[in-house]
Each structure stands twice: as structure tokens, then as C-alpha cells.
Amino acid sequence: MVNVAILGFGVVGSGVAEVLDTNGRHIEGKVDDLIRLKYILDVRDFPDSPFAGKVVHDFSVIEQDPEVSIVVETIGGAKAALDFTRRALQAGKSVITSNKELVAEHGCELLRLAQEKGVSYLFEASVGGGIPIIRPLNQCLAANEIEEITGILNGTTNYILTRMVRAGLSFDDALREAQANGYAEQDPTADIEGHDACRKICILASLAFGRHIYPRQVPTEGITGVTLADVAYADSCGKKLKLLGRAIRRTDGKVCAYVAPHLVDRENPLSGVEDVFNAIAVRGNAIGDVMFYGRGAGDLPTASAVLSDVIEIVRGGCRNAGIIGWTDEGDAHLADRRDYDIHALVRIKGMDFAAVEKLFKDCEPIWEKDGETAALVYNVNEGELEKILSGLDAAPYIRMFDC
Ligand code: HSE
């Protein structure tokens, strides 16, 4: 019998309890053992829940119970969750988490601690909700040098962009819908400002390239600057606006990671990823391009990923899913995105196209209206582009995905 404790009975924690309850027999058949949910830690009581009898309020009950070998941390944030995770690992318990903030900020330290204690720290659910990506990246693609990872990593923003295009909803109404569906973080700032996607690309890049990449090292732009006009432009010229997290290994071995809205051609499979769905495209030097697609948020999809980690541990799978060589080494391994050329959509007020054309060698007009010129500029150094636009009355530029 394997005893499990869940920390935090919110959307994901309650999803884990539900799937364990509903699919318990099926899961036990897969692992040839009994899995018992012994405790649920939360500050609240849940008198109407079928799991009410399992609720405890004091973490030390779980910490000191030798029967509990697996702790599922679904609290979120990096305060209590960090303290409880350290204590659980110290107590010799494996920890499974859906908490991308914690993994992105403290993954290296917690993996090291787990290794010292001979237990596992697993986080399949921290990226892409229900999509299997951590274990495939770390095991199935382990023979590859990873060249690039590009992902639609945030369900809430993808949902908002989809609803703006399809239903003509305002940004605020689309956000309200996403919150009502349980996709958005408690504070939606993390979603709409790109921090959530940033944490996820940090985790993927750290795994793929073997060095911890911290959120503070990754330039991040969300979708709050995206207007209905941008969305309409993208739609009218056969492109989709998508918030992408990217990590690219440059020829000198440095990694360029960032999060920003992009215009994606309709022929690219990422453009067809709609609603709350996420997709992660990986390019390896042996496999070429491979894409992982599925529900990137929500209680049951995320619970599916959490429970895959439980199953991995109960089956006695490779400790820490074979994650090795994830080191913590400053920022010499990081490239500056401003050193590279991009194509982008620019919108500049108070200039006609003839004036814009003088600023950029290679550009094409999109529209001139209401005193604003929109143009596509090609093969421009991103640092130069930033410098030019900073002296003008310009909207934030939007990159095109083909570079
Ligand atoms: N708020 C996140 C999202 C939840 O919208 O993708 C899953 O990490």
C-alpha cells in the first residue's frame, strides 16, 4: 500500500483526489499496488466533500507520518509550497508538483535535495497541463541535442486570443470567461503578462539544455499590449497571433530564451492550437520536429499528469525520471535576443509609409489609417529595432514566428 498526501485542495488538488477516486482500480491494476489518499492539507474545511475526513491543517501530521511516502504539492506559489517541499524531501518522501513557479525558481535545489535523500522530485504537470512533455523530453528524446523548443504554454492567454478572434470579445470579457472556466491563475497577471509561460519555458529549457534558466533571465512580454486591431490584422493576412515561449540553442551553444506574442503563419501547426489547448514543438538533431498537443490547463488534465508521476514512483521508475546534469551556473550560457535578426509588424504614429521605409531597408506596408502606419519589417536586428522605435510614437512590435 502506498500512502499519498495532497497539499492544497484547489483546482488541481481536488482534481487529483477525484481522478484517484474514479480511476483508482484502473491505476492500481497498472502498478500492482494499492494507492491510498491518506491526507489532504488545506487551511479550509470541506464539510460537503466526500474527502472531508482526510483534511488536516497541520503539515507536520504528514511530515511525521512514516506511512506517507508520496506528497503531491498543488498549493502553488513559492512560499508555503517551498517550505513544505523541502521538509517533505528532508523527511524522505518523494514530492510531485504541478507548481511551475516553484520548479522554475527552485528546481535545481529541490532536485539536488531529492537526490541526496534518495527520493524523487517530479513535475510532469508543471508544463502543458495534461500534455506529456517532461518525461518525453527527458527520456524519449534524450538521444538528441535539442536545438529549439517553442510552445503555446499558457491556456488562459490562448483562450483569450481565440475568443477575441472567433467571438469578437473584448480582452476583459474573454479573461472573465477563462477565469469562470478555472483556467486562469488566481491572480491573472501571471497569465496575461506572460510570467506563467516564462516559468514553463524556463523549466523546459533547463531540462533540455542542462543549466538552470531563471525567470528573471528571460525577457517576457504578455498579451496586454495586444489590440483587437492586431488580432484583426493577423486574421486578415492568414496569420494567427499567439503567445510563444521560445528557447533556441544558437550555433555558439548559448541559449536564447524569451516569451512574446508572435504572428504565426496558418500553415504552421502552432497556428491551429486554439482555446485552452497548449502545444510544444521540439526540434532535436536526430528526430527533427516533433510536437506535443493537448489540454494545457484544468483540473482533470493536470491531475492526469500528476498521477503519471505517482505511477512512475510506485512502479519504481528511474529516480527523478532520470533528470541529471541540471546545474546552476550564472548566465554565461544565455544569449541576448537583441543580437539576432527578426521579422516584425511595427505600428508607428505620425509617419506615412514613405517615412517608415527610410528607417528600415526591407519593409512592406500593411495599412495607413488614423495617422498610424503599420508595416512588416524584415531581417532587422532586434536591438536596432528597439532603438529605432524607442524614439518614436510606436506600439509594441510583434515578431513573426519564422525566424
Ligand atoms: N493558468 C495556467 C494556464 C494554468 O492558463 O495555462 C496551467 O498552468
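The values are calculated or read from the model by the stated rules, or taken from the named source; none is laboratory data. Here the structure is a predicted model, which is why all the values come from computation and not from measurement. Heads up, the Cβs are rebuilt from the backbone with ideal geometry, glycines too, and the neighbour counts pull from every protein chain shown.
Would you point out the residue of segment 123-149, among those that are outside any loop (DSSP other than H, G, I, E, B) and within 16 Å of the ligand (Cβ to nearest atom), that is surrounded by the fewest Cβ atoms within 10 Å (Cβ to Cβ)?
I134
Taking segment 169-189, which residues are farther than 24 Å from R199 by Cβ and either touching a residue at least 40 places away in the same chain (Cβ under 8 Å) or in contact with a Leu (Cβ under 7 Å, 6 or more places away or on another chain) (or both)?
S170, the sole residue that qualifies.
Identify the single condition in (1) away from the ligand (no atom under 16 Å from the Cβ); (2) under 21 Å from V72 (Cβ atoms); (3) in contact (Cβ under 8 Å) with a residue 60 or more places away in the chain that A104 does not satisfy, given that it satisfies every other one.
Looking at each condition in turn, A104 falls short on (1).
Within segment 104-125, is there a residue that is more than 16 Å from V306 (Cβ to Cβ) and of a type in the set (F, W, Y)?
Looking for residues that are more than 16 Å from V306 (Cβ to Cβ) and of a type in the set (F, W, Y), one finds none in segment 104-125, hence no.
Do we find that V314 is under 25 Å from V218 (Cβ atoms) and either surrounded by 12 or more Cβ atoms within 10 Å (Cβ to Cβ) or at pLDDT 95 or above (or both) in this structure? Walk me through it before giving the result.
On the way: under 25 Å from V218 (Cβ atoms): no; either surrounded by 12 or more Cβ atoms within 10 Å (Cβ to Cβ) or at pLDDT 95 or above (or both): yes.
Here the answer is no, as V314 does not meet what is asked.
Just checking, which of R176, R163 is among the charged types (D, E, K, R) and touching a helix residue (DSSP H, G or I) at 6+ places or on another chain (Cβ under 6 Å)?
On the way: R176 fails: touching a helix residue (DSSP H, G or I) at 6+ places or on another chain (Cβ under 6 Å).
It is R163.
Sort out which residues of segment 285-299 are closer than 13 Å to G151 by Cα and among the β-branched types (V, I, T), and write them in order of number.
V290
Hey, any hits in segment 232-245 for a residue that's under 27 Å from D299 (Cβ atoms) and aromatic (F, W, Y)?
no
Suppose we keep only residues that are surrounded by 24 or more Cβ atoms within 10 Å (Cβ to Cβ) and assigned to a helix (DSSP H, G or I) within segment 154-163. Which one would you say is farthest from the ligand (Cβ to nearest atom)?
For segment 154-163, the residue satisfying everything is L161.
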